[in-house]
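What follows is a set of notes on a single structure, which appears directly below.
Quick note: the coordinates plus some simple rules give every number you see, no bench work behind them. Not measured: the values here are computed from a predicted model. Positions of Cβ are generated from backbone atoms using ideal geometry, with glycine treated the same way; all protein chains shown enter the neighbour counts.
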Amino acid sequence: MRAQRVWNVNGAASIGQLQSRLDDLNKRLNQLESQHPESWKVDELKSSALSLSREIDDIRCAEATAALRELLRK
């Protein structure tokens, strides 16, 4: 049996918070890329941005799956 990630969050609030963090991270990334394109921090920020976007996607998928499960149950 595969392990499943279980989200114990308020989806809308959590997605909004994560999206806000991602937006801030992308702004900092754009600033850093224009000032120091070869900086090691650029790669670090890109990695963080990808992780946040994956978290957002995981939450959205979990919510959609739960909604579909509820529809199929009816």
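Entry for the stretch 26-74 at q = 0.18, 0.24 Å⁻¹: log10 I(q)/I(0) = -0.62, -0.81, Debye formula applied to identical alpha-carbon scatterers, no solvent contribution. L50 sits among other residues whose Cβ lies under 12 Å from its own Cβ, and their net charge, with Lys and Arg +1 and Asp and Glu -1, is -2.
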